[in-house]
1. For segment 18-127, what does the alpha-carbon gyration tensor say about shape, rounded, prolate or oblate, given a ≥ b ≥ c as the root eigenvalues, a/c under 1.5 as rounded, and a/b over b/c as prolate?
2. Multiply the residue gap between Glu140 and Asp178 by 0.36 nm, knock off their C-alpha separation, and tell me the result in nm, one decimal place.
3. Measuring with a 1.4 Å probe in the full set of protein chains, what accessible area per residue, in whole Å², belongs to segment 106-212?
4. Hey, rough spin-label estimate for Arg133 and Thr165, points 7 angstrom out along Cα→Cβ, what's it come to in nanometres?
5. Could you give the length gained by full extension between Thr45 and Lys216, i.e. 0.36 nm per residue of separation minus their alpha carbon distance, to one decimal place?
6. Given a 1.4 Å probe and every protein chain left where it sits, what share in percent of the accessible area of segment 175-259 is carbon and sulfur?
7. Going by the alpha-carbon gyration tensor, a ≥ b ≥ c the square roots of its eigenvalues, is segment 85-217 rounded (a/c under 1.5) or, if a/c is not under 1.5, prolate (a/b greater than b/c) versus oblate?
8. Would segment 135-179 count as rounded, prolate or oblate if I go by the C-alpha gyration tensor, calling it rounded below 1.5 in a/c and otherwise prolate when a/b exceeds b/c, oblate otherwise?
Amino acid sequence: MRSTRSFVREREREAVAGWAVARPPWPSRTVGVSLAGFRDYSTGTVDVPVVPHPAVTLVLEFGDGSLVVGDASGRQQGGSLVAGLAPGAVRMRGENVACVEVHLSPVVAYAVLGVCPAELDRTVVALDDLWGRDASRIREQLGDSPSWEDRFALTDVLLARRRETGPLVDPEVVRVWDRIVVSRGLAKVEDLAVEVGWSRRRLWSRFRSQIGLPPKRAATLVRFRHAAHGLAAGNSAVRVAAECGYVDQSHLHREVVAFTGMTPATLAGDPGLEVDDIAWARTASARRTANPPHSAPTGRGGHSDGVQRRVTSTDL
């Protein structure tokens, strides 16, 4: 079996469109949390769209670069930040960007972040506003870490510690979210309400307050992600619309534009979806790796950084 360090180095060699991507060789100790590392190797300014993910996204910036993310309303945030579910038509700009990106399932986001996803209201906020000096502290620690392996271990310890002391989501809400993900967004809200023994109104209220989106909108986001990857795989818009449960091709077109500001044809060629495949794919090697380290990074020697061009926002 390859060592964890050799596995991380292998992932760092994979680069697309001026980025290199690193992934931890172990799953996070916190269920619902995924990590990836990104470093920009382009010579100019990065300006790319961000394709929404069915997750709350935490971006931990470090180093000497600059990172600014703007949403459709014109609101912009620089440095480390949090993006709520489905902000829509977001773009990322910057130079020499280096960051650890975290995808948080909305059922654990409240506990980890200390703020309910509903309060993020589908927008982007500065991490300093949520974590105060802790945001600056983690930035410094990541910058001082000699390798991606150390950065991942440091981040995972921090997130696990915050998760242990954070508030829990109703088990009924967790079940409904899981059913939406497993069904690829095709589960009917009324059926889910019956399944958990709630009225549709109660489900809408509790789900919206704890997840950040009403159930139907959450299902729409999950369905969109599968449609996006279907388009990137070279499938026609007609086929993707039919397989993903859209009424017709026009319905798919409207949702793609609403989520990304791009047409389906443009989205299909967007290199950011290829970044997703590298950054967030689960591999057999990762699954075979032993449990992640249960202590802070040791500071053992470093190795070359690796990433791809895209900051995106849970594994489906």
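The values are calculated or read from the model by the stated rules, or taken from the named source; none is laboratory data. Bear in mind the structure is a predicted one, so any value in this text is a computation, not a measurement. Here the Cβ positions follow ideal geometry from the backbone for every residue, glycine too, while neighbour counts run over all protein chains shown. All accessible areas refer to the heavy atoms of the entire protein, side chains included, with ligands and DNA or RNA removed. Shrake-Rupley method; radii C 1.70, N 1.55, O 1.52, S 1.80 Å.
1. Details: a/c = 1.98, a/b = 1.18, b/c = 1.67.
Verdict is oblate for segment 18-127.
2. Contour length minus the Cα-Cα distance gives 10.1 nm.
3. So segment 106-212 comes to 50 Å² accessible per residue, rounded to a whole number.
4. Taking the simple label geometry, Arg133 and Thr165 are separated by 1.4 nm.
5. Full extension of this stretch gives 57.8 nm more.
6. 50
7. Prolate, since a/c reaches 1.5 and a/b exceeds b/c.
8. Values: a/c = 3.92, a/b = 2.51, b/c = 1.56.
Prolate shape, in that a/c is at least 1.5 and a/b is the bigger ratio.
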